[in-house]
1. Which whole-Hz couplings ³J(HN,Hα) result when phi for each residue of segment 43-51 is put into the Karplus expression 6.51 cos²θ - 1.76 cosθ + 1.60, θ = phi - 60°, listed in order with x for Gly and Pro?
2. At a Förster distance of 22 Å, what's the computed FRET efficiency of Ile90 paired with Ala141, Cβ-Cβ distance as r, to 0.05?
3. Rank these by accessible area, largest first, 1.4 Å probe: Tyr171, Tyr136.
4. Would you check the accessible area of Arg100, probe 1.4 Å, heavy atoms only, in square angstrom rounded to 10?
5. Hey, any idea what Rg/Rh is for segment 32-178, computing Rh the Kirkwood way over Cα pairs?
6. Please list, ordered by chain and number, the residues whose modelled amide H lies under 5 Å from the amide H of Met33; skip anything fewer than 5 residues away on the same chain.
7. Take Ala161 and Ala175, extend 7 Å from each Cα along the Cα→Cβ direction, and tell me the distance between the two endpoints in nm.
8. Residues of segment 32-178: accessible area per residue at 1.4 Å, in Å²?
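The values are calculated or read from the model by the stated rules, or taken from the named source; none is laboratory data. Not measured: the values here are computed from a predicted model. Quick reminder, even Gly has a Cβ in these numbers, built from the backbone with ideal geometry, and neighbours come from all protein chains shown. Each accessible area value is taken on the protein alone, full model and side chains, heavy atoms only, with ligands, DNA and RNA left out. Shrake-Rupley method; radii C 1.70, N 1.55, O 1.52, S 1.80 Å.
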Amino acid sequence: MMRAATTLALAILLSLATFFLTAGDACGNVPLMRWTDACFKACRPPLYSLCQETLRHGPDVAELTAYAVLAARLARRAYDDTVGRAERLIATGSVPGDQRQAYLRCIDRYATARIRMVGVVTGFTSCDFALAGQEYADAVAAVESCGEGLPAGTPLLAMNAADRDLTMVAYNLGALIVGK
């Protein structure tokens, strides 16, 4: 457990370092903010706690784009984990035949969500916010549509719900910059 937490903290710090190295100068007209204030402005319960968990390993004060990029990268990693789990369940025959299509549909929808979050990160690290609002909306829709097709009690349903929440945290943080 401690090793996983250390690995997560290092991944977050690496993501932030990469952001600051690739973003160069700060984006114009994007405010600096404490991560606690960013979560307060972006999220209400129950997403507020997840926002705090997402940003607590980041810098105390940063440009909002740093927090948006961090959340988008973590969402993308969560998508990769969920798809990996779905693929393993299918490959081992653990998914009943009537659920196989729903799992394959989720894998496809997660590919869309991942592409959109990569687009958000690319845009934000280059201070280009033109497509971010639509990319966030597409990612949210893709993750939500996966959950709609999963029967209750399936292993993927809980992962999808967590991914949806993280996607919403990322979306809400980005909305502080680009609006909803």
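1. Values per residue, Gly and Pro as x: 10, 10, x, x, 6, 4, 5, 5, 4 Hz.
2. Numbers: r = 23 Å, r/R0 = 1.06.
After rounding to 0.05, the efficiency reads 0.40.
3. Working: Tyr171 40, Tyr136 0 Å².
Ranking Tyr171, Tyr136 by accessible area, largest first, yields Tyr171, Tyr136.
4. 110
5. On the way: Rg = 15.7 Å, Rh = 15.5 Å.
Taking Rg over the Kirkwood Rh, I get 1.01.
6. Ala62, Glu63, Leu64
7. 2.2
8. Working: 6600 Å² over 147 residues.
I get 45 Å² per residue for this part.
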